[in-house]
2 protein chains.
Amino acid sequence: MSATTARHIYSKLDADGTLTVGIAKQNLPEPTGSRVLIEVEATPVNPSDLGLLFGSADLENAQFDDGTITAQMPAPALRAMQGRVGEAMPVGIEGAGRVVAAGDDEAAQKLMGRRVACAPGGMYATHRIVEARDCMTLPDDVSAELGAASFVNPMTALGFTETLRAEGGKGIVHTAAASNLGQMLVKICAEDDIPLVNIVRSDEQVKILRDIGAKHVVNSSDDDFFARLKDAIGETGAMTAFDAIGGGRMASTILTAMEQVASANDKYSRYGSSVMKRVHVYGALDLSPIELTRSFGFVWTVSGWLLMPFLTQAGRDTVERMRARVRDNLTGMFASQYSARGDLSAMLRRENALSYNAKKTGEKFLVTPNG
Amino acid sequence: MSATTARHIYSKLDADGTLTVGIAKQNLPEPTGSRVLIEVEATPVNPSDLGLLFGSADLENAQFDDGTITAQMPAPALRAMQGRVGEAMPVGIEGAGRVVAAGDDEAAQKLMGRRVACAPGGMYATHRIVEARDCMTLPDDVSAELGAASFVNPMTALGFTETLRAEGGKGIVHTAAASNLGQMLVKICAEDDIPLVNIVRSDEQVKILRDIGAKHVVNSSDDDFFARLKDAIGETGAMTAFDAIGGGRMASTILTAMEQVASANDKYSRYGSSVMKRVHVYGALDLSPIELTRSFGFVWTVSGWLLMPFLTQAGRDTVERMRARVRDNLTGMFASQYSARGDLSAMLRRENALSYNAKKTGEKFLVTPNG
């Protein structure tokens, strides 16, 4: 085959704060050596894609032309994004598709014609050239849709349990727990006998998690939320939280509940209990500052948690073991649900963009670049 | 000798929020076995003592009788202190004095007549019975005043450098850096070749630190504070902070400056740099919530740092090495300065209590329980 004309989504921020998200055409060369050309069939819009795609641009008042969005980036965000000004950046962390051309190396040739998943970035594209070693061959019974989200959410959920083990923790508290990721975590923890406290914010979400067998689900909208959170932490001994929210006081509330459980039977100390309490902040559903009231003693840690540094630190063996578990369970516990689908143009339509950019639980968009 | 009548300071919180701080009499038995009786000569009022002594009680409107303070504890603080309600708690982490009686064990007998320092709590007292193994014999040239504060500040300052090494860090950022502890840290870091960025809040404090040889001193009251902080972090490579302030945005500001230095030469990533940035919060000069703006990527940790858990984790050999260094330098780098002195009654007088409870740099009270 000869050069392929590919189309891909780009996001470009100008020095004056104008953000342009559009579709660019590009001629891709034939893949050589260890590289393969993938015809992208499905690629999800993850919350972790939205930071690069839109950031905190004012989408509500943006201009939506056919296939192009023009929006304004607020000044503080613009200052924090100086590093990307002027560059048209490809977007889309992960996806799945068919290998339609391959370089001469054996590793590449072996993938010819196969359906693969990968997470190289720039997957909101009709075609993408990637290294063969970065591809995961999908089992025959796994559709592109099921394979599309086989990296970010599954590896993150599994990463939480690996982090818990590495830190010697007993159980997990998870926020925004009815998300696709949260549901995977419920299933992983059930299989691995890890006590899990799920924090959600509506009765509807409580039901979603109860229906898949979650034991401890607490609703932050309930009047007795704090008391019930304490009960659940007391029953599970969970002193490690993974928090998708970030902004506001949820991390502080969780630490306070943990501390009250930990110090309930202790002698009084003005420094609080000696039990280590941890919150790993892995998301930013709320962009306001994290507020820590410090009503939880001195033995605590709040830290950022990010998949890539975690994988680097975990090492090759651990990552391979995690990957294998994902590949073997893509039709089961690692299956994602989508509420809407569409090609690259559809992805940039107002109603779709506003919907998935709201990051609401249950609203997830699947991009099908080749229709 | 027979029983000794001792007087000591107690702090008692009642269920209705009334805090009483007064002087109690107690008959101490003769020490037996491995225990010794110390006549307390000097014991400092550390910020870390004030939480137990007064907490956030309203001292400004308290009633000061002769030797007794009666104040009101705000409701949120009262809730957090349920564990101590009704109990008259002895106060005073550390101090120095003369061993005036000893049990029969050899370890106790060896201390008879010697001047020792210790940190058993309850040192705001004329006399205190402690275990011989918890006493550090003071060299002959060390006065009780010089030995009184030989534990909390010196071990904390040394603990910072041990923590830095354990985490593989290159340099330290320190806030409230003109304190007694801060000045010790300047001297330790100079001796150990550890780059140190000192953050203070007045020109007067800049001068204090320059006068003892500090290289990097930045004043948070200056208009160009953030730019100068970045410069200092850039020059030192300091990505580990120890923060005495806690409340407000200082931790966030430090992390943001570190991140801007770390990512200056990196390719843009919406997740920020991959350099780990740490803030250890060891104090609470500001009791308001810690606000983290998260303009510093995902690779960061904010955690509580407390001396006792640190020492437990560091292990016996490290602690012994630290103790020996303190003992050998009590007249030098570990000497504390005091702005006022007085006995137990003087300690509870309005003007003194308001002064040391304000935790101002340079204001430090030394209690001399036996006059």
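The values are calculated or read from the model by the stated rules, or taken from the named source; none is laboratory data. The structure displayed is predicted, hence computed values, not measured ones. With ideal geometry, Cβ positions are generated from the backbone for all residues, glycine too; neighbour counts draw on all protein chains shown. Accessible surface is based on the protein model in full, side chains and every heavy atom, while ligands, DNA and RNA are left aside. Shrake-Rupley method; radii C 1.70, N 1.55, O 1.52, S 1.80 Å.
Name every residue in region A:203-224 that is exposed (fewer than 14 other Cβ atoms within 10 Å of the Cβ) and either in contact (Cβ under 8 Å) with a residue 60 or more places away in the chain or hydroxyl-bearing (Ser, Thr, Tyr) (or both), in order of residue number.
Listed by number, the list holds a single entry, A:SER221.
One residue is enough: does region B:283-295 have a residue meeting the conditions at pLDDT 90 or above, open to solvent by less than 30 Å² (accessible area, probe 1.4 Å) and more than 28 Å from A:PRO289 (Cβ to Cβ)?
Scanning region B:283-295 turns up no residue that is at pLDDT 90 or above, open to solvent by less than 30 Å² (accessible area, probe 1.4 Å) and more than 28 Å from A:PRO289 (Cβ to Cβ).
So B:ARG325 fits all but one of (1) under 30 Å from A:GLY122 (Cβ atoms); (2) open to solvent by 30 Å² or more (accessible area, probe 1.4 Å); (3) not hydroxyl-bearing (Ser, Thr, Tyr); what number is the exception?
Looking at each condition in turn, B:ARG325 falls short on (1).
Taking B:PRO309 as meeting all but one of (1) at pLDDT below 95; (2) open to solvent by 30 Å² or more (accessible area, probe 1.4 Å); (3) more than 8 Å from chain A (Cβ to nearest Cβ), write down the number of the exception.
With (1) at pLDDT below 95; (2) open to solvent by 30 Å² or more (accessible area, probe 1.4 Å); (3) more than 8 Å from chain A (Cβ to nearest Cβ) applied to B:PRO309, the lone miss is (3).
Among all residue pairs at least 6 apart or on different chains, which show Cβ distances below 7 Å where the first residue, located in region B:149-165, is in contact (Cβ under 8 Å) with a residue 40 or more places away in the chain and more than 23 Å from B:THR137 (Cβ to Cβ) and the second is open to solvent by 10 Å² or more (accessible area, probe 1.4 Å) and part of a helix (DSSP H, G or I)?
What qualifies is B:GLU162/B:ALA314; B:GLU162/B:THR318; B:THR163/B:PHE310.
Suppose the filter is within 12 Å of chain B (Cβ to nearest Cβ) and either over 27 Å from A:LEU52 (Cβ atoms) or surrounded by 17 or more Cβ atoms within 10 Å (Cβ to Cβ) (or both); does A:GLY304 pass it?
For A:GLY304, the condition - within 12 Å of chain B (Cβ to nearest Cβ) and either over 27 Å from A:LEU52 (Cβ atoms) or surrounded by 17 or more Cβ atoms within 10 Å (Cβ to Cβ) (or both) - is met.
Out of the residues in region B:272-281 that are outside any strand (DSSP E or B) and open to solvent by 40 Å² or more (accessible area, probe 1.4 Å), state the one that is nearest to A:MET89 (Cα to Cα).
In this case the residue turns out to be B:SER274.
Output the number of residues of region B:44-79 satisfying the condition of being in a strand (DSSP E or B) and basic (Lys, Arg).
Total meeting the criteria: 0.
For region A:227-238, does any single residue satisfy the condition of being within 10 Å of another protein chain (Cβ to nearest Cβ), buried (at least 22 other Cβ atoms within 10 Å of the Cβ), in contact with a Ser or Thr (Cβ under 9 Å, 6 or more places away or on another chain) and farther than 30 Å from B:SER11 by Cα?
No; the residues of region A:227-238 include none that is within 10 Å of another protein chain (Cβ to nearest Cβ), buried (at least 22 other Cβ atoms within 10 Å of the Cβ), in contact with a Ser or Thr (Cβ under 9 Å, 6 or more places away or on another chain) and farther than 30 Å from B:SER11 by Cα.
List the pairs whose first member sits in region B:69-80 and is within 14 Å of chain A (Cβ to nearest Cβ), whose second member is surrounded by 17 or more Cβ atoms within 10 Å (Cβ to Cβ) and assigned to a strand (DSSP E or B), and whose Cβ atoms are under 7 Å apart, counting only residues at least 6 apart or on separate chains?
B:MET73/B:LEU13; B:MET73/B:LEU19
All but one of (1) at the interface with chain A (Cβ under 7 Å from one of its Cβ atoms); (2) closer than 19 Å to B:LYS187 by Cα hold for B:VAL326; state the number of the condition that does not hold.
Failed condition: (1).
Please verify whether B:ALA353 is more than 22 Å from B:THR163 (Cβ to Cβ), in contact with a strand residue (DSSP E or B) (Cβ under 6 Å, 6 or more places away or on another chain) and more than 14 Å from every other protein chain (Cβ to nearest Cβ), treating the condition exactly as stated.
No, not satisfied.
Please work out which one of (1) open to solvent by 30 Å² or more (accessible area, probe 1.4 Å); (2) under 26 Å from A:PRO47 (Cα atoms) is the condition A:SER269 fails and give its number.
For A:SER269, the failing item is (2).
Taking the criterion of being within 23 Å of A:VAL281 (Cα to Cα) and away from chain A (no Cβ under 14 Å), would at least one residue in region B:290-297 satisfy it?
No; the residues of region B:290-297 include none that is within 23 Å of A:VAL281 (Cα to Cα) and away from chain A (no Cβ under 14 Å).
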